[in-house]
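Asks: Just passing along the structure, written as structure tokens.
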Amino acid sequence: MLDHSEAESVAHWTATAEIDLPRTTVGQLLGCAATTVPDRIALIDACGEVDDAQVRRRWTYAELLRSSRGIAAELLHRFSPGERIAIWAPNSAAWLQVNLGACLAGLVVVPMNPLFQRAEAAHVVRSARPAGIVHGTMHRDLDIASMARSLAGEFDFVRCTIDIEAAIGWDDSIDDFDLPDVTPDDPVQIQFTSGTTGPPKGVRLHHLGLTGMPAIAVQLMELEPAPVWLNVMPLYHIGGCGLSTMGPMAALGTQVLADRFSAAATLRLIEAERVTVMGSVPTMLIAMLEHPERASRDLTSLEVVMSGGATVSPDLVRTIERTLDVRFVVAFGQTECHGHITQTRPDDTDVDKAETVGRPIPGVEVLIADPMTGAALGFDEPGEVLTRSELIMHGYLDDPASTAAAIRPDGYLRTGDLCTMDRRGYLRVVGRVKDIIVRGGENISPREIEDRISSHPSVAEVAVVGVPDERLGEAIAAFVRAAPGAVLDLEDVARWTGAELSRFKVPVHWREVDALPLTPNGKVCKPDLKAAWASEHQAPS
């Protein structure tokens, strides 16, 4: 609710308590579900190329708990509670169960993007210092297993590497095994998220946030009992291992886990498994709407579609609700607060669902402030979103300076996002303070890309920005100035960039420029680059 003492002048939402924040751990959440509905299907493995629903492997809650306890027991033969283990693999049932087992064992998981090149993975391992790496084998053209073993040889704190698929069988002779005590405030994961200055930072997440935020979100969605939740989000991301994993568990529902998104496969899964809920980013939804199979698939089971991670256009919200006959839920937040800050509600008006990101979820306080001075702003004034709650991260890993810059002494987290708040508490996104590119829901640091491109011998200067893209929200554009006397081959620079960075970080638009625009204090003026791009690509009137 609005703070009535300031309601006439300040855009400030005071945390409400219509839904209590559940104070649980991941293990307690799983244990409660296994006790309440032991025979209900908890997990359906829809990874890989298996199209026949009859042969997909399924786990009841009782079976999932037993499997996870077995993994916990084996992990504790190798590691001690509080130690960290990395999981470096694409989505799989094994990924999810190793994560649950690690949570039961009191370990801290470090999820790693399976598209990481070795240099990117080395940064995460060097920073997080995991005692072990649980890894996949090949993913696309990346030999994750070989890279994991190579990193274990480079860093002596990595005591072992473990093939992730071998963990599925770790469920024997565990009946008398005692698990360690784990509390809601204990650390649960370190997720690395891109920043605007330097390499990705490790966000220290806790059990309370990883379980509590999804539990609140599903209550706000007013789901039917025993929802069937399709999870096509990457498990290394808060949307995949947070809301889309803990959400169905909190709702005593079923998770249908896919290893990647494809429009055709997703449409088939919705039909075959009678999916009722799915999380997504706008890119996925556009692909589903445009796919030729959509009209022939029975999608009538689908009740709720949630989207976040990138700006959702009002037209897309209206099209999805009209075409699929579903309730569309828009969420806004970030990893540093375990996901959501705001969320639309089922009874919101069509305008609010299409043009806002909802109002703060229960237990979350929001203030709109001047990004330079920190002073509170008024209603409908664009400013930085500050949020304060128990869902805030513990801080950045081994980075007190960045933690202090992100979390003010009064406990407010600076999100770096620019929004307006109306008098009802509804937020509208207008931009970002941080120089982040959001490509298809993935946060990408321009600085990381710039550092790689600028190391090319033919490059003198480079600036990387996000430019509008109809499908992805933003695409990556690089503006490059050649080194004196050099002949710039932009295709060669692109190949150079892709040799060290994941494909999704390689710019798709390249421009050679004679000079980069500068601000009065000598910094590259990226808004000028974006404005020039917009002018060049403006549709004719």
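The values are calculated or read from the model by the stated rules, or taken from the named source; none is laboratory data. Note that the coordinates shown come from a computational prediction; the quantities given were computed from them, not determined experimentally. Ideal geometry is used to build each Cβ from the backbone, glycine not excepted, and the neighbour counts take in all protein chains shown. Accessible surface is based on the protein model in full, side chains and every heavy atom, while ligands, DNA and RNA are left aside. Shrake-Rupley method; radii C 1.70, N 1.55, O 1.52, S 1.80 Å.
Asks: Just for the chain, what percent of DSSP beta bridges are antiparallel, to the closest 5?
Replies: So the antiparallel bridges amount to about 60 percent of the total.
Asks: Take the Cα atoms of the range 40-176, build their convex hull, and give its volume per residue in Å³.
Replies: So the per-residue hull volume is 101 Å³.
Asks: Picking from Pro371, Ser150, Trp88, whose Cα lies most toward the positive end of the charge dipole for the chain (charges on Cβ: Lys, Arg +1; Asp, Glu -1)?
Replies: It is Ser150.
Asks: Right, something else. Checking the a/c ratio against 1.5 first, then a/b against b/c, what shape does the Cα gyration tensor give for the range 45-111?
Replies: Here the range 45-111 falls in the oblate category.
Asks: So how do 104-116, 217-229 stack up, highest first, on mean other-Cβ count within 10 Å?
Replies: Packing order, densest peptide first, comes out as 104-116, 217-229.
Asks: Also, I was wondering about something else. Charges only on Cβ, +1 for Lys and Arg, -1 for Asp and Glu: so what's the dipole of the chain about the Cα centre, in debye to the nearest 20?
Replies: About 560 debye.
Asks: Hey, any idea what the orientation-averaged projected area of the convex hull of the range 244-369's Cα atoms comes to, in nm²?
Replies: 8.4
Asks: Next question, about the same structure. Using the scaling law 2.2 N^0.38 Å as the reference, what is the normalised Cα Rg of the range 102-239? Mind dumping the intermediate values first?
Replies: Details: Rg = 17.1 Å, N = 138, 2.2 N^0.38 = 14.3 Å.
Ratio of Rg to 2.2 N^0.38 Å for the range 102-239: 1.20.
Asks: If you don't mind, there's one more thing I want to ask. What are the extents of the Cα atoms of the chain along their three principal axes, listed from largest to smallest and rounded to whole Å?
Replies: Sorted from largest, the Cα extents of the chain read 69, 58, 54 Å.
Asks: What percent does the relative contact order of the chain come to when contacts are Cα pairs within less than 8 Å and at least six residues apart?
Replies: 14
Asks: Per-residue ellipticity at 222 nm for the chain, helices alone: DSSP H runs ≥ 4 residues times -39500 (n - 2.57), over residue total, nearest 500 deg cm²/dmol?
Replies: Mean residue ellipticity at 222 nm (helix-derived): -8500 deg cm²/dmol.
Asks: Also, I was wondering about something else. Convex hull over the alpha-carbon atoms of the range 414-526: what's its volume per residue in Å³?
Replies: With only Cα atoms used, the range 414-526 gives 131 Å³ per residue.
Asks: What shape does the range 335-403 take by its C-alpha gyration tensor, where a ≥ b ≥ c are the square roots of the eigenvalues and a/c under 1.5 counts as rounded, a/b above b/c as prolate, and the rest as oblate?
Replies: Details: a/c = 2.75, a/b = 1.44, b/c = 1.91.
Oblate, since a/c reaches 1.5 and b/c is not below a/b.
Asks: With a 1.4 Å probe and all protein chains kept in place, how much accessible area does Asp380 have, in Å² rounded to the nearest 10?
Replies: Accessible area of Asp380: about 100 Å².
Asks: Continuing with the same structure: Rg and Dmax of the range 198-290, using alpha carbons, in Å: what are they?
Replies: Here Rg and the maximum Cα pair distance are 14.0, 45 Å.
Asks: So what J values fall out for the range 461-478 if you push phi through Karplus, 6.51 cos²θ - 1.76 cosθ + 1.60 with θ = phi - 60°, rounded to Hz, Gly and Pro as x?
Replies: Those phi angles translate into 9, 8, 10, 10, 9, x, 10, x, 9, 4, 8, 9, x, 9, 10, 9, 10, 10 Hz.
Asks: Could you report the range 358-475's accessible area per residue, 1.4 Å probe, as an integer in Å²?
Replies: Here the residues of the range 358-475 average 39 Å² of exposed surface.
Asks: Could you tell me which of the pairs Lys201/Lys530; Lys505/Lys530; Lys201/Lys353 are separated by over 23 angstrom between their Cα atoms in the structure shown?
Replies: Details: Lys201/Lys530 26 Å; Lys505/Lys530 18 Å; Lys201/Lys353 32 Å.
Flagged as over cut-off: Lys201/Lys530; Lys201/Lys353.
Asks: Suppose R0 equals 35 Å; then what is the FRET efficiency for Ser296 and Glu165 from their Cβ-Cβ distance, rounded to the nearest 0.05?
Replies: 0.50
Asks: Projecting each Cα onto the charge dipole of the chain (Lys/Arg +1, Asp/Glu -1 at the beta carbon, about the Cα centre), which of Pro234, Ala483, Val10 comes out farthest on the positive side?
Replies: Comparing the listed Cα positions along the dipole, Ala483 ranks first.
Asks: Here's something else I'd like to know. Determine the gain in length on full extension of the stretch His77-Asp181; use 0.36 nm per residue of separation and subtract their C-alpha separation, reporting nm with one decimal.
Replies: 35.8 nm
Asks: Simple spin-label model, 7 Å along Cα-to-Cβ: Thr373 to Thr16 in nm?
Replies: 3.1
Asks: Right, next: Please compute the modelled spin-label separation between Ala264 and Thr137, points set 7 Å along Cα→Cβ, answer in nm with one decimal.
Replies: In this crude label model, Thr137 to Ala264 measures out at 2.4 nm.
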